[in-house]
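Below is one structure, written out as structure tokens; comments come after it.
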Amino acid sequence: MNKTGFISHPQYLKHDTEPHPENPGRLEAIQRKIESSKIHPHLIFPEPRRATDDELAANHDSGHIDHVRDSCQNGTRNLDGDTVICPDSWDAALLSAGAGITAVDQIITGQVDNAFTAVRPPGHHAEKDRAMGFCLFNNVAVAARYAIKEHRLNRVFIFDWDVHHGNGTQNSFYSDPSVYYSSTHQYPFYPGTGNKDETGTGDGLGSTLNFPLDAFNGDQTYLDIIENKLIPEIQSYKPDLIIISAGFDAHADDPLGQMRVSSEGYGKMTAMILKVAKEVCGGRLLSMLEGGYNHTALAESVHEHVNVLLGES
């Protein structure tokens, strides 16, 4: 078996957003599924730390950091029409970004082979200077920045399989060749970005790859893209670390998306990414939760995902 980390924290449940699709019940469903499963005794449970202001500032403007902090502290309820906060959201957001940092440390130092972070708020819509789409800070972008700066990695590959395009992540690295961003997503759909002609700019030209998909595509479409288009890009790029923006809202039962991926399909997708990670970067694979709003489908998909990560080495 692999040494697989599962990182979460009770503070994530205090990010009170209800009534809202992105609510504490998502993580409660995941926790129940994992705790009652046969894989639970084999997982490693690192404690996440809080991201520092400097670590957030590697990807976000200081004004945005201050705005989120002040808004949480002064009782603001909405950062925009979609993004709900409460006083406890600030600490939850620090711990969500910090979970990726903790996982990077654990993976690079060999304490775990790979890791999944069951975090909220999610992150991939958060831009350098604003929160949006349920997201306060861009968790995967902060983790990638940290891996490059603190562990001196040369290249990080981010694969985003959330049903929505990760506009914030793409924009964070659009001109930066040290991070390759690729996304499969329903299109046209929120947030309206992710056309196939968005491929990067300047030094980052060619290090963004989007797969905009019509609604109602399912497992086979995703698996074909990963096998025939994504994996060759990963092999060519030769990253030192792969990060998955793991939204599970392309599931057939999800209320926000219109795709038809199955829970088992997520397991197959995971197996393909894990295999190429072992080939190109010694199995260094970090997965961070993004979307997924049918609690049963989310819990089943995460279980499939983590079961494959644990797998046999």
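Quick note: the coordinates plus some simple rules give every number you see, no bench work behind them. Note that this is a predicted model, so its numbers are computed, not measured. As a convention, Cβ positions derive from the backbone with ideal geometry for all residues, glycine included, and neighbour counts pool all protein chains shown.
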Which whole-number percent gives the relative contact order of region 79-199, counting Cα pairs below 8 Å spaced six or more residues apart? 21
About the Cα centre, charge dipole magnitude for region 4-310 (Lys/Arg +1, Asp/Glu -1 at Cβ), debye: 660
Find the relative contact order for region 134-283 and round it to a whole percent, using C-alpha pairs within less than 8 Å whose residues are 6+ positions apart. 25
Given the candidates LEU43, ILE243, SER8, the one whose Cα lies deepest towards the positive end of the charge dipole of the chain, counting +1 at each Lys or Arg C-beta and -1 at each Asp or Glu C-beta, is LEU43
If you place +1 on the Cβ of every Lys and Arg, -1 on the Cβ of every Asp and Glu, and leave all else neutral, what size is the dipole of region 15-163 about its Cα centre, to the nearest 20 Debye? 480
For region 38-55, in residue order, the Karplus 3J(HN,Hα) values (coefficients 6.51, -1.76, 1.60; θ = phi - 60°; whole Hz; Gly and Pro = x) are 6, 7, 3, x, 9, 7, 10, 10, x, 8, x, 9, 7, 5, 7, 4, 5, 5
For an R0 of 25 angstrom, estimate the FRET efficiency from the Cβ-Cβ distance between LEU205 and ARG152 and round to the nearest 0.05. 0.55
The chain, relative contact order in percent, only Cα pairs under 8 angstrom and at least six apart counted: 21
Across the Cα atoms of the chain, what radius of gyration and what greatest pairwise Cα-Cα distance (Dmax) are found, in Å? 17.4, 50
Under a point-charge model restricted to the Cβ atoms of Lys and Arg (+1) and Asp and Glu (-1), what is the dipole moment magnitude of region 1-97 relative to its Cα centre, in debye to the nearest 20? 660
How long, wide and thick is region 1-125, going by the Cα atoms along their three principal axes, in whole angstroms, largest first? 45, 32, 20
Please give me, ordered by residue number, the chymotrypsin sites (Phe, Trp or Tyr not before Pro) of region 206-273 that lie in loop per DSSP and have at most 15 other Cβ atoms within 10 Å. PHE216
Lysine pairs in region 1-129 with alpha-carbon atoms under 26 Å apart, 8 or more places apart or on different chains: how many are there? 4
Give a quick list of trypsin sites (Lys or Arg not before Pro) in region 26-63 that DSSP marks as loop, anything other than H, G, I, E or B, with at most 13 other Cβ atoms within 10 Å. LYS38
In terms of the charge dipole of the chain, which places +1 on Lys and Arg and -1 on Asp and Glu at the beta carbon, the residue among VAL142, MET259, GLN106 farthest towards the positive end is GLN106
If the reach is capped at under 13 angstrom between alpha carbons, list the aspartates and glutamates near LYS278, excluding any in the same chain fewer than eight residues apart. ASP113, ASP240, GLU312
What is the set of long-range amide H partners of ASP160 at a cut-off below 5 Å, with H atoms built 1.01 Å from backbone N? SER182, SER183, THR184, SER245
Which distance in Å, rounded to a whole number, links the C-alpha centroids of region 260-313 and region 48-96? 28
At q = 0.12, 0.16, 0.17, 0.18 Å⁻¹, what log₁₀ I(q)/I(0) does region 176-309 have when each alpha carbon counts as one equal point scatterer in the Debye sum? -0.46, -0.83, -0.94, -1.05
